[in-house]
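Here is the structure we will look at, set down as structure tokens.
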Amino acid sequence: MYFTLLGAPGAGKGTQAATASQRLGLAHIASGDLFREGVEKGTELGLLAKPYMEKGLLVPDEVTVGMIVERIEALNHDQGFILDGFPRTMEQAQALDRALGERGKALDRAVYIEVSTEELVRRLSGRWICRNCQAPYNAVSSPPRVPGKCDRCGGELYQRPDDKVETVGKRLEVYSAQTTPLLSYYRKGGKLVGVNGEQGVNEVAEELIAALHH
Ligand code: AP5
């Protein structure tokens, strides 16, 4: 199974992709995590992405597409995947279709996690993530067992620099202008399914898994 999670910043794509990938035995490929890993390690990719991320802008398509296609190519032939945060522009969506088509594959589903703007802002202002494994936490809805430490790997938790209020505003604007057109692209292709993201994490997970089998 090959699918992507669509949704605004803070909709819960990372949270849901982590659970669904484990439950379904799929690879989890998250463009934002890959860029942040590059920034942390000071790689060429990270240095290139950093100024865009700090401003809440999208990293150029050719860089992002190259990075994701490379990840897909590295998987075993029959390994399914969940894309989290990719595609985010029409160019990326078309490039993904071409790359999969060349390998005799096609995206099965695009799952749209729908959440109101007020809730998105609330979630992002309370988010902490693990510097080591990128697991997301929330000061209000899902705090770690030990403050400041990741439950999964014991790594240090930090607040993303792009979760500052002014950058969140820009990210939401960019999402609305550049990513929402993908909803009609996938709807026309008969691949779009919607999930109510304003429920508890477990309820969203159940609805998401059910939506995949529709
Ligand atoms: P990226 O890391 O992809 O950020 P994003 O899309 O803005 O998404 P987020 O990670 O902010 O949110 P999420 O939906 O994963 O929510 P989460 O599960 O963490 O991208 C960052 C940057 O990288 C971009 O701005 C861009 O510069 C660059 N980039 C990445 N991909 C790119 C691409 N394809 N093209 C170009 N540039 C790209 O949850 C959020 C919070 O809510 C957490 O605290 C969580 O605990 C909590 N939460 C989750 N679910 C629930 C729930 N059901 N109820 C209550 N709280 C919840």
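Quick notes
- Amide H contacts under 5 Å for residue 6: 111, 112, 113, restricted to partners 5 or more places along the chain or on a different chain, H placed in the peptide plane at 1.01 Å from N.
- Under the Karplus curve 6.51 cos²θ - 1.76 cosθ + 1.60, θ = phi - 60°, whole-Hz ³J(HN,Hα) for the stretch 5-18, x wherever Gly or Pro sits: 9, 10, x, 5, x, x, 5, x, 4, x, 4, 6, 5, 4
- Full extension of the chain between residue 1 and residue 125 yields a length gain of 41.3 nm, computed as 0.36 nm times the residue separation minus the alpha carbon distance.
- Calculated from backbone phi, Karplus (6.51, -1.76, 1.60) coupling profile of the stretch 139-148 in Hz, x at Gly/Pro: 4, 9, 8, 8, x, x, 5, 10, x, x
- Hz values of 3J(HN,Hα) by residue in the stretch 110-121 - Karplus curve (6.51, -1.76, 1.60), Gly and Pro given as x: 10, 9, 9, 8, 9, 9, 6, 4, 4, 5, 4, 5
- Here is the tail figure for the stretch 120-214: Cα pairs spaced more than 15 Å apart come to 71 percent of all pairs.
- Between residue 164 and residue 79, the FRET efficiency estimated from the beta carbon spacing at R0 = 45 angstrom works out to 0.75.
- For the chain, the equivalent ellipsoid derived from the Cα gyration tensor has semi-axes of 25, 20, 18 Å, listed largest first.
- Database remark: amide H of residue 128 closer than 5 angstrom to the amide H of 137, 138, 139 (H placed geometrically; neighbours at sequence offset of 5 or more, or on other chains; Pro and chain starts carry no H).
- Extension gain from residue 48 to residue 142, taking 0.36 nm per residue of separation minus the Cα-Cα distance: 30.6 nm
- Full extension of the segment from residue 199 to residue 180, taken as 0.36 nm per residue of separation minus the current Cα-Cα distance, would add 4.7 nm.
Read-outs throughout are calculated quantities, based only on the coordinates presented, and are distinct from any laboratory measurement. Since the model is a prediction, treat every value here as computed from it, not as a measurement. Cβ: placed from backbone, ideal geometry, glycine included. Neighbour counts: every protein chain shown.
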